[in-house]
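One structure is given here, and the rest of the page talks about it.
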């Protein structure tokens, strides 16, 4: 592709042109649908027909198309988007590609997202900032599962304008009946999704039929072309100047001791100097003293504007807080209901910990319940104990602290969030807030006069949780029992929570599926927290196969109050011991979901203590553990 070269005498004309372009409204849209429905070809044709190609690009396209066996009007326009032949031959698919073009009336930013199921997260990313969705359907195949999933996702992410582009009409014999049938099926499916406008257009993307010009082969269609539909669509739908006033604080600006401002982009509504605002989640009211924009002081600022506020009072404001109009403040809670799109290969189980990022705030979060999973074929709710890749569900979440938010229907910027895997830092899910839970506003932590410190002082010890983990038969219960006996003999106040014993009472309702295992450990972690708060040294002997749940248990305790002890026994050795005969039954298929056989065990990566039972006797292991927790540096900190 040859770069554009400008003669100096044309530089001023180009500058004027670019300035005019910058003032045009911008429509952001996404192309989506199932794989091979023609998204890349459609975008390539749009770029070609809108004269967005630069010198030499058409010639390059023709040459690459010839190498792929196509010529003339059948040039492979997908090559403009897919990275040309080399990448296609290697099977490389770009996750999200953003393309830019313009008309005399507006600018366009289009997100081209692959249709493969494993790239659903990328499609959701593109949709989160879009004003409109172009949903492609192959006329020869009709609506597919991925078509329905993408339609549901864009509706949940707040897109209210949709173009149903029924592509490859030539493969359907240019049939109006086929087009009308697909349109009717889609409108029936989407009837409850809340789209304000659905425009169905029959197209043949390689030919440009009904994209920028009308198709002589489809004379029965009298509606707009795709370009005409894009030209008349509503722009800038995310920033809502008529909504409630919201400014998520991104940065506290303190260049010197005389100035303290709070910077961010206004998510919705309008702010003006002197306006009464509320700092959330703290709930403190104050007024705006100054509004500073990129060019200086402003009397008011609307949604989409990046600003810095100074306030009339000395109030505590930090990154992640929300400045809201005091007349319509945002919700503040630590629990809410949400629609969640699951994007990770590893399943989601209620109780597993994640990071939640909403606006500029990041907090700890767990899904406490899966209320219903949405069937993409019928949109009917289904019960579910777990969510797998690409599942969409209504869930409840609990956070480790209250945050400010709005229902997504009110504000896309203060009502949308992502869940982040704590171990890998990968985006695991994306969600939209529905409403705060009532119990979040009615349940308050009761302050007590007798604290953990006073209970520990009475016991004469520093409370802690000793978390033994390892395969079944590794020796966890045996070693934990010896450790407790030694501590008891030293006058320490202890309690041992054993896996089998707890399942006789507290957890008798749980089985051994991965979902039940996650809940089993979540309950034990919470019980352990309460018992440590009571001033005890608590020992737990559980397989606890998943790192995420062991991390949850660690996070619940204070600094220095959690000791992870890996009782490391090779699977073959654990099977050889098999005191309870469980491995033999698992190998015979009598026990399902048995750790080490048909359910995974994730060994600790950095345990506080690593006990190799092939080299260490139970008695030696117990001595080593007691010596570790009574080490001088730890012991000196005890009461």
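Applying the criterion of being in contact (Cβ under 8 Å) with a residue 24 or more places away in the chain and not in a loop (DSSP other than H, G, I, E, B) to the residues of the range 365-385, the residue that is nearest to residue 549 (Cα to Cα) is 366. Within the range 29-43, being part of a helix (DSSP H, G or I) and modelled with pLDDT of 85 or more holds for 41, 42, 43. The set of residues in the range 361-384 being surrounded by fewer than 19 Cβ atoms within 10 Å (Cβ to Cβ) and within 30 Å of residue 266 (Cα to Cα) consists of 362, 363, 364. Here residue 266 meets the list (1) buried (at least 16 other Cβ atoms within 10 Å of the Cβ); (2) more than 30 Å from residue 304 (Cα to Cα) almost entirely, failing just condition (2).
Looking only at residues of the range 224-235 that are touching a strand residue (DSSP E or B) at 6+ places or on another chain (Cβ under 7 Å) and within 27 Å of residue 409 (Cα to Cα), we find that the one that is surrounded by the most Cβ atoms within 10 Å (Cβ to Cβ) is 230.
Considering the range 211-223, the residues that are at pLDDT 95 or above and buried (at least 16 other Cβ atoms within 10 Å of the Cβ) include one that is farthest from the chain's Cα centre (by Cα), namely 218. In the set (1) assigned to a loop (DSSP other than H, G, I, E, B); (2) touching a helix residue (DSSP H, G or I) at 6+ places or on another chain (Cβ under 7 Å); (3) closer than 26 Å to residue 548 by Cα, the condition left unmet by residue 430 is number (1). Got at least one residue in the range 602-615 being surrounded by 12 or more Cβ atoms within 10 Å (Cβ to Cβ), more than 16 Å from residue 543 (Cα to Cα) and assigned by TED's automatic domain parsing to the domain that holds residue 514? Among the residues of the range 602-615, at least one is surrounded by 12 or more Cβ atoms within 10 Å (Cβ to Cβ), more than 16 Å from residue 543 (Cα to Cα) and assigned by TED's automatic domain parsing to the domain that holds residue 514, which makes the answer yes.
Any residue in the range 572-583 that is in contact with a helix residue (DSSP H, G or I) (Cβ under 8 Å, 6 or more places away or on another chain) and on the phi > 0 side of the Ramachandran plot? Yes, the conditions are met somewhere in the range 572-583.
Yes or no, residue by residue, for (1) within 30 Å of residue 144 (Cα to Cα); (2) modelled with pLDDT under 95:
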site: 321; (1), (2): no, no
site: 344; (1), (2): yes, yes
site: 352; (1), (2): no, yes
site: 356; (1), (2): no, no
site: 364; (1), (2): no, yes
site: 391; (1), (2): yes, yes
site: 395; (1), (2): yes, no
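Results for (1) in contact (Cβ under 8 Å) with a residue 12 or more places away in the chain; (2) over 20 Å from residue 224 (Cβ atoms); (3) buried (at least 18 other Cβ atoms within 10 Å of the Cβ), shown as yes or no for each residue.
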residue	(1), (2), (3)
125	yes, yes, yes
145	yes, yes, no
150	yes, yes, yes
168	yes, no, yes
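The values are calculated or read from the model by the stated rules, or taken from the named source; none is laboratory data. Predicted model only: the values in this text are computed from it and were never measured. Reconstructed Cβ throughout: ideal geometry from the backbone, glycine too, with neighbour counts over all protein chains shown.
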